[in-house]
Amino acid sequence: MLFIGTTISGILTLSQLIFGSSIYKLLGSSFGQGIDFNVIGTINGLALFYAAVLAVQIGALLSPRAMYGRAIRIAILGSSLVLFANILVINFATSWIALLVGGVFFLGLMLKNAEANFVGAGGNTAIPIHERLGWRYPLVLAFIALAMFMYIGKRSIITLSLPAEASPSFSTTLAIGKSVMGESMRTAFLGSGPGTFGLDWNRYKGAEINRTIFWNVRFNQG
């Protein structure tokens, strides 16, 4: 259900960004007029969400074929391509960092599993590691290289006319989270609830924020 819902959202977002018209305005509401409107949050937050789901999908695609049927693997591959196209078009730097970290993690996990399976099977020590991993090895390496290139090069596929987006710094976001987790044992494990960062921001933002131009801005995500 997560993959299906995210894929539908990805198709709608991609069509909005490419054709420059919001599909949500067909609902007749004024809040969905912009091409950056989506069901997650800001457009950069959406790119991060897509990157997280894409990492899970890549993990499923790299898993042994016996775990999934052919139809399911094709569906996951199609969904992955939709999400990757969105990330490529939005081109948010932090989403490339997330994919780069995920790619390095997958590579390390694959090498570890290949070595463990090799030792357990007691096979020929002359078999190169790339032959043991098959097509997964060059795929992950290409994925890592692309994420590094997009992050370092900061190249955009298309030019988007999106509104400027501001968000709290990483250290400020961590400080808000630390304050929330310090409320009780429940919030330490479960947080304050979905979609409540704006409330947490108003409660725990530092006093120095009131001396900036963002003194009256409510940030709904870190």
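When A75, A52, A60, A71 are checked against the criterion of being in a helix (DSSP H, G or I), open to solvent by less than 30 Å² (accessible area, probe 1.4 Å) and of a type outside the set (V, I, T), a single residue qualifies: A60. Among the residues of region 28-40, is any open to solvent by 30 Å² or more (accessible area, probe 1.4 Å) and at positive phi? Yes: one or more hits. In region 109-120 there is no residue matching the filter, namely being open to solvent by 70 Å² or more (accessible area, probe 1.4 Å), outside any helix (DSSP H, G or I) and modelled with pLDDT under 80.
Among the residues of region 32-40, at least one is in a helix (DSSP H, G or I) and without any contact (Cβ under 8 Å) to a residue 40 or more places away in the chain. Summed over region 211-222, the residues that are open to solvent by 100 Å² or more (accessible area, probe 1.4 Å) and out of contact with any helix residue (DSSP H, G or I) (no Cβ under 7 Å at 6 or more places or on another chain) give a count of 3.
Residue-wise test of (1) touching a Pro at 6+ places or on another chain (Cβ under 8 Å); (2) within 30 Å of G108 (Cα to Cα); (3) part of a helix (DSSP H, G or I).
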| site | (1), (2), (3) |
| --- | --- |
| A147 | no, yes, yes |
| I152 | no, yes, yes |
| S161 | no, no, no |
| A166 | no, no, no |
| E183 | no, no, no |
| D200 | no, no, yes |
| R203 | no, no, yes |
| G222 | yes, yes, no |
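If the condition is being open to solvent by less than 80 Å² (accessible area, probe 1.4 Å) and under 14 Å from G222 (Cβ atoms), then region 196-210 contributes T196, F197, G198, D200, W201, N202, Y204, K205, G206, I209. Listed conditions (1) outside any helix (DSSP H, G or I); (2) modelled with pLDDT of 85 or more; (3) of a type in the set (A, V, I, L, M, F, W, C); (4) within 21 Å of A98 (Cβ to Cβ) are all met by I176, apart from (1).
The values are calculated or read from the model by the stated rules, or taken from the named source; none is laboratory data. Since the structure is predicted, the reported quantities are computational estimates derived from the model, not experimental observations. So basically every Cβ, Gly included, is an ideal-geometry build from the backbone, and we count neighbours across all protein chains shown. For accessibility, only protein heavy atoms count, side chains too; no ligands or nucleic acids. Shrake-Rupley method; radii C 1.70, N 1.55, O 1.52, S 1.80 Å.
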